[in-house]
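Undergrad: After the structure tokens below, expect a handful of questions from me.
The values are calculated or read from the model by the stated rules, or taken from the named source; none is laboratory data. Note that the structure is predicted; figures quoted are calculated from it, not measured. All Cβ positions, even for glycine, are placed from backbone atoms using ideal geometry, and neighbour counts span all protein chains on display. In case anyone asks, the SASA skips ligands and DNA or RNA and just uses the protein heavy atoms, side chains included. Shrake-Rupley method; radii C 1.70, N 1.55, O 1.52, S 1.80 Å.
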Amino acid sequence: MKKIILLTVPALLCMAGCEKILEKTPDGQITLDKVLTNRDRSKGLIDAAYGAVYQLRDGISFVYNPMECLTDNAFWAANYNAYEWHNGMLSLSNPVVDWPWNSPSEQLWPDFWRGIRLANNAIKYLPQSTVLTRQEIDTWVAEARVLRCWYYMNLLEFYGPMPWVEEPFEATYTGWGDLTRPSYDWIAEKISSEIMDVVQSGVLPDRQVPNEARHVDNGVAKAIRARVYLNNASALNNPEHDDAKWQKAADAAQDVLNMSEYELVPMSQYKDLFVGDFTTPVKEIIWRAWADNSHINNTNGVDVGSYPYASINHIWNCGESPTQELVDCFEMTNGALPVTYVDETRTRVSVNPAAAALGYSEEHGGDPYANRDARFYVDILYNGANYGVPYNCSEDYIVETFVGGRNGFNDVISQETQRSCTGYYSRKDKYINYWGPDGGYGKIGVHWVFFRLAEFYLDRAEALCELGDYENAAKTLDKVRQRALQPAIEDVDGYEATYEFLMPRIRNERRVEFCLEGWRFHDQRRWKILSETNRFVTGMRITKEDDGKFSYERRKIRDYQSYTDKYLVMPIPLEDAKKMTGMTQPEAWQ
């Protein structure tokens, strides 16, 4: 009798190498007939397929280290993974994105393949169960097929196109060297075909009811397809600029937008996208993590322990600190970008006239933080920001990032710190009520969003712009801009219906809308802009002068080496590359 790999995390963490990632070998836990004749164990097949979905935004790159810190959006102090990444230490034998105290330490590569294998187990064995209803089998197999596409999408985003695997490999499988890397176009079409087969079967609902929100549905399926098509059309995978690929990306995004079950929330409810109970439905959210990420307040936020009115625990680490480059992307309320860089150091700037008209100034006594895009005040904590009232308290917590302030600027970048090295703190998925006197707190909930509707407006706007349809690209872009209370792009000073004007603003909009959510990592790569964006980052060092007014100094935080072509697509880890001899490494690694 065959034995099936059961689904416990300790057992999965012990697996290494291609054979142990892709196979269906016995692990001695339980025989297959014991699974298929027991309802809970049969259901465990689909539960296991869900169990490999990453749940923590700050649990992928390294413990509490968000992927955003591997981009130009956020800086992480200390000599950990982000430090190694930006020091250019990525190699065949050092994936950098790993957990060194685990064995094996590798994260992404084995975990995505593990998810594919667990989905394949569910697809193969659920129909053989003697204790499930036909509806349960059909539903869970359909879900497993969508999950398989989810894991492939993630695998492709980091490692490039991979062979499509539909069967759990037997222990006797020896064909590792026969596996070959397909084109990105081929695997994109395969995923699209798989997704549409599930959607057209009518087995899954368009949107799950709240108590089933963990489970994938047609909305998730179409979202996966749209993102894969966008990646396929982008410069990294489409250097010839094949318009047919961009048209597919535009159409796939529209397929998501056509779903009546989803809509953009108003700006007054924007925070609900990131903070709130999982069981509370939010119309814009298509799929999000079901595990609570509230600890991120303690690992990647501002230190409320300096609150002067009550005894509150100090934060462990300020973690991801937004860069000045990110802050510069938030427009003024009239749609003007605040500054233009004068030199390549980005420490000398010229204030744009339309921004100056609304009071933007970095001169002594000036204020660079007034009259900004409404999302700025949701996403970023800056000098003078009112963070609100901690749990069980009555006075507001005012952030002070100036030198000597309660959250003052930190000049030391080589160690963990409770004080930002950039002059800013992340706020997007944080809430002041996490903190209260004597360790008390008011738990609300934080859930990492995998897909939300705004993405597909921006996907479509980008695709239409690449196709030269500037009028409709602008109209689609405006859906997201106007939700944020920003003027239509056509009304922005200097607007031109050209690629040269519109595409940078679409990319900027995407950077602002999804900042600190983790997607900048992939956008930088698919656009092939690492050499422009990842050479260094800057912050804002603020001092309070004797007259009580502030002076502002833009300062380079550190130089990066994470901008070469080797960082565009991660290599297959060395030990697995030795076994998968038919797989080519990405071009820059050959």
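Undergrad: Within the set of pairs 6 or more residues apart or between chains, which connect a residue that is modelled with pLDDT of 85 or more and among the aliphatic types (A, V, I, L, M) inside segment 163-180 to a residue that is open to solvent by 20 Å² or more (accessible area, probe 1.4 Å) and in a loop (DSSP other than H, G, I, E, B) with Cβ atoms less than 6 Å apart?
TA: Sorted first by the residue in segment 163-180, then by its partner, the pairs are Leu179/Gly582.
Undergrad: Sticking with this structure for a sec: Of all residues in segment 181-196, which are free of Cβ contacts under 8 Å to residues at least 24 places away in the same chain and over 24 Å from the mean Cα position of the chain (by Cα)?
TA: Pro182, Ser183, Ser193, listed by residue number.
Undergrad: While we're here: Quick one: how many residues across segment 312-335 are outside any strand (DSSP E or B), in contact with a Ser or Thr (Cβ under 7 Å, 6 or more places away or on another chain) and small (Gly, Ala, Ser)?
TA: Number of matching residues: 1.
Undergrad: What is the number of the single condition among (1) over 20 Å from the mean Cα position of the chain (by Cα); (2) in a strand (DSSP E or B) that Val537 does not meet?
TA: (1)
Undergrad: Take the residues of segment 449-472 that are part of a helix (DSSP H, G or I) and without any contact (Cβ under 8 Å) to a residue 60 or more places away in the chain: which is most open to solvent (accessible area, probe 1.4 Å)? Full working, then the answer.
TA: First, pick out the residues of segment 449-472 that are part of a helix (DSSP H, G or I): 454-466, 470-472.
Subsequent filtering for residues that are without any contact (Cβ under 8 Å) to a residue 60 or more places away in the chain retains 458, 461, 465, 470-472.
Details: Leu458: 1, Ala461: 0, Cys465: 1, Tyr470: 60, Glu471: 115, Asn472: 67 Å².
Looking at residues that are part of a helix (DSSP H, G or I) and without any contact (Cβ under 8 Å) to a residue 60 or more places away in the chain, I get Glu471.
Undergrad: When only residues in segment 433-447 that are surrounded by fewer than 24 Cβ atoms within 10 Å (Cβ to Cβ) and in contact (Cβ under 8 Å) with a residue 60 or more places away in the chain count, which is farthest from Tyr499 (Cα to Cα)?
TA: By that ranking, first place goes to Asp438.
Undergrad: Return yes when Asp111 is crowded, with 19+ Cβ neighbours inside 10 Å and part of a loop (DSSP other than H, G, I, E, B) and no when it is not.
TA: For Asp111, the condition - crowded, with 19+ Cβ neighbours inside 10 Å and part of a loop (DSSP other than H, G, I, E, B) - is not met.
Undergrad: For segment 238-280, how many residues meet the condition of being within 30 Å of Tyr387 (Cβ to Cβ) and in contact (Cβ under 8 Å) with a residue 12 or more places away in the chain? Step through it out loud before you land on a result.
TA: First pass over segment 238-280, keeping only residues within 30 Å of Tyr387 (Cβ to Cβ): 263-280.
Then keep just the ones that are in contact (Cβ under 8 Å) with a residue 12 or more places away in the chain; that gives 263-267, 269-271, 273-280.
Selection size over segment 238-280: 16.
Undergrad: Another question, then. Would you please list the contacts, defined by Cβ atoms under 7 Å and residues six or more apart or on different chains, that run from a residue in segment 303-319 that is under 13 Å from Val389 (Cβ atoms) to a residue that is in a helix (DSSP H, G or I)?
TA: Val304/Ile432; Ile312/Val304; Ile312/Gly305
Undergrad: Here's a follow-up. If you go through segment 348-363 one residue at a time, do you hit one that is under 22 Å from the mean Cα position of the chain (by Cα) and surrounded by 18 or more Cβ atoms within 10 Å (Cβ to Cβ)?
TA: No, that holds for no residue.
Undergrad: Same structure again: What helices (runs of 4 or more DSSP H) lie completely within segment 210-305 and have 3 or more residues being closer than 18 Å to Cys465 by Cβ?
TA: 218-233, 243-257
Condition check ((1) out of contact with any helix residue (DSSP H, G or I) (no Cβ under 8 Å at 6 or more places or on another chain); (2) surrounded by 15 or more Cβ atoms within 10 Å (Cβ to Cβ)) across all residues:
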site	(1), (2)
Tyr499	no, no
Met503	no, yes
Asn508	no, yes
Val512	no, yes
Gly518	no, yes
Trp527	no, yes
Gly539	no, yes
Glu545	yes, no
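Undergrad: Continuing with the same structure: Just give me the residues in segment 369-428 being open to solvent by 10 Å² or more (accessible area, probe 1.4 Å), small (Gly, Ala, Ser) and within 30 Å of Asn334 (Cα to Cα), in sequence order.
TA: Across segment 369-428, the qualifying residues are Ala370, Ala374, Gly384, Gly388.
Undergrad: Assess whether Ser129 counts as being crowded, with 18+ Cβ neighbours inside 10 Å and either among the small types (Gly, Ala, Ser) or under 25 Å from Lys566 (Cα atoms) (or both).
TA: In short, yes.
Undergrad: Would you confirm, using the coordinates I've provided, whether Thr417 is touching a helix residue (DSSP H, G or I) at 6+ places or on another chain (Cβ under 8 Å), among the hydroxyl-bearing types (Ser, Thr, Tyr) and outside any helix (DSSP H, G or I)? Write out each step before concluding.
TA: Details: touching a helix residue (DSSP H, G or I) at 6+ places or on another chain (Cβ under 8 Å): no; among the hydroxyl-bearing types (Ser, Thr, Tyr): yes; outside any helix (DSSP H, G or I): yes.
It is false that Thr417 is touching a helix residue (DSSP H, G or I) at 6+ places or on another chain (Cβ under 8 Å), among the hydroxyl-bearing types (Ser, Thr, Tyr) and outside any helix (DSSP H, G or I).
Undergrad: Out of curiosity, is Trp176 part of a helix (DSSP H, G or I) and within 22 Å of the chain's Cα centre (by Cα)? Please lay out each step first, then the result.
TA: Working: part of a helix (DSSP H, G or I): yes; within 22 Å of the chain's Cα centre (by Cα): no.
Judged against the criteria, Trp176 is not a match.
Undergrad: From the list Arg507, Arg481, Arg511, which residue is within 15 Å of the chain's Cα centre (by Cα) and either modelled with pLDDT under 95 or not in a loop (DSSP other than H, G, I, E, B) (or both)?
TA: On the way: Arg507 fails: within 15 Å of the chain's Cα centre (by Cα); Arg481 fails: within 15 Å of the chain's Cα centre (by Cα).
None of the other options fit; the residue is Arg511.
Undergrad: For segment 64-80, how many residues are closer than 20 Å to Met570 by Cα, open to solvent by 10 Å² or more (accessible area, probe 1.4 Å) and under 17 Å from the mean Cα position of the chain (by Cα)?
TA: Selection size over segment 64-80: 1.
Undergrad: Tally up the residues in segment 571-581 that are in contact with a Gly (Cβ under 8 Å, 6 or more places away or on another chain) and either surrounded by 13 or more Cβ atoms within 10 Å (Cβ to Cβ) or aliphatic (A, V, I, L, M) (or both), please.
TA: Count: 4.
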